[in-house]
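None of the figures in this text is laboratory data; all of them are computed from the coordinates on show. Since we're looking at a predicted model, the values are computed, not measured. A quick note on method: Cβ atoms are made from the backbone with ideal geometry, for glycine too, and the neighbour counts reach across all protein chains shown.
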Amino acid sequence: MPNLQRVDDVVAALELRDEQMMVLRTKFYEREGEVYISSRALGDFLGYSDPGRFRSCVSRAMITAKQSGRSIAQDFLDPQLFDQQHDDVWLSPWAALASIMEADPKKPKVACAKSYFAALASEDIAADEARLRERQLFKQNFKQLHGAAERAGVKTDADHAIFDDSGYRGMYKMGAKQLKKHKGVPEGQSLADCAGPTELAANNLRMAMTRDALEAGAVKDKQQANRVHQSKGTIVRNAVIKGTGMPPESLPLEDKTLDRLSLEKKRELQA
């Protein structure tokens, strides 16, 4: 079984990181669908009182960009495009990350900024973080859903298993046991441990919608609760098909285990 407490701890650390970055996020500028941050604002956030000191980090990042074949013009924008000072440079998330990588690691905010801009610059890293957040939310929603179900008449362990299956049958057109076999979920793990962020988010929506319907008070017995869960599952199924072009049972599982992902992210955030 995966270490869900570590997932909770990592998500809490991610939220703290995002709170620390909030002051800088207010200075982001959007241009043609992309976000940019001024080198002056970033350097000031990192603790560089002399803008020229951080500008040297940006210059080294430009060399890295050129060597890796990236477009200087797209990652390091002329300040005139933003009606700003001529000694400033506007950085894409990739350029900001590359500049931070050149910064003094002893400065307290460097590690935090590095982690934050890595997620902005990489879709894979952003998806990994979303997966951790959605997995934690899944645990919370599952507990709340079954609390609401119990108040609606779902009492025994067998009742709760049937109630769960009803939601899966609505969303996946098969029960939980068949679904695990169909998707190839490894022994000792649940679907939630292996699913990607999109599938987890869909399941969170299914559970939240069902919980809200049960708490509205119109459901009086377990049979009704099962029907509500199945109907909400069907609604989410149709939304997934419309949004992704494939049914939920065809969404791929993640290659990286939840334990490995949470451990890697924990080490990164503690660096």
Under 27 Å between alpha carbons, and skipping anything fewer than 8 positions from Lys109 in its own chain: which lysines qualify? Lys27, Lys66, Lys265, Lys266
For Cα pairs less than 8 Å apart in space and 6+ apart in sequence, what is the mean separation divided by the residue count of the chain, i.e. the relative contact order in percent? 20
What does the charge count around Arg25 come to, taking other residues whose C-beta lies under 13 Å from its C-beta (Lys +1, Arg +1, Asp -1, Glu -1)? -1
What are the ³J(HN,Hα) values, in whole Hz, obtained from phi via the Karplus relation 6.51 cos²θ - 1.76 cosθ + 1.60 with θ = phi - 60°, for each residue of the range 63-72 in sequence order, with x given for Gly and Pro? 5, 4, 4, 5, 5, 8, x, 7, 8, 4
List the residues whose amide H sits under 5 Å from the amide H of Ser38, counting only those 5 or more places along or on another chain, with H placed 1.01 Å from N in the peptide plane. Leu91
Reachable lysines from Lys155, Cα under 17 Å, same-chain residues fewer than 8 places away excluded? Lys143, Lys220, Lys222
Residue order, fewest to most beta carbons within 10 Å, for Glu268, Glu254, Glu134, Glu19: Glu19, Glu268, Glu254, Glu134
The chain, helix-only ellipticity at 222 nm - DSSP H runs n ≥ 4, -39,500 (n - 2.57), divided by all residues, nearest 500: -22000 deg cm²/dmol
Sparsely packed GluC sites (Glu not before Pro) within the range 156-233, loop by DSSP, other Cβ within 10 Å at most 14: Glu187
Suppose every Lys and Arg Cβ carries +1 and every Asp and Glu Cβ carries -1, with no other charges. What dipole size does the range 4-121 come out with about its Cα centre, to the nearest 20 debye? 440
Would you tally the net charge around Arg211, using a Cβ to Cβ cut-off of less than 12 Å, leaving Arg211 out, and scoring K and R as +1, D and E as -1? +1
Within the set of other residues whose C-beta is less than 10 Å from the C-beta of Ile125, count the net charge using Lys and Arg as +1 and Asp and Glu as -1. -4
For the range 168-176, Karplus-derived ³J(HN,Hα) couplings (6.51, -1.76, 1.60; θ = phi - 60°; whole Hz; x for glycine and proline) come out as 5, 5, x, 7, 10, 6, 6, x, 4
Within the range 198-271, DSSP-loop trypsin sites (Lys or Arg not before Pro) with at most 15 other C-beta atoms within 10 Å are Lys220, Lys256
Charge dipole (debye, nearest 20) of the chain; +1 at Cβ of Lys and Arg, -1 at Cβ of Asp and Glu: 740
May I ask for the angle, rounded to the nearest 10°, between helix 4-25 and the longest principal axis of the chain, with both axes built from Cα atoms and the value confined to 0 to 90°? 40
Using the Cα centre as the reference, give the magnitude of the dipole from point charges on the C-beta atoms of the range 177-271 (Lys, Arg: +1; Asp, Glu: -1; all else neutral), rounded to the nearest 20 debye. 280
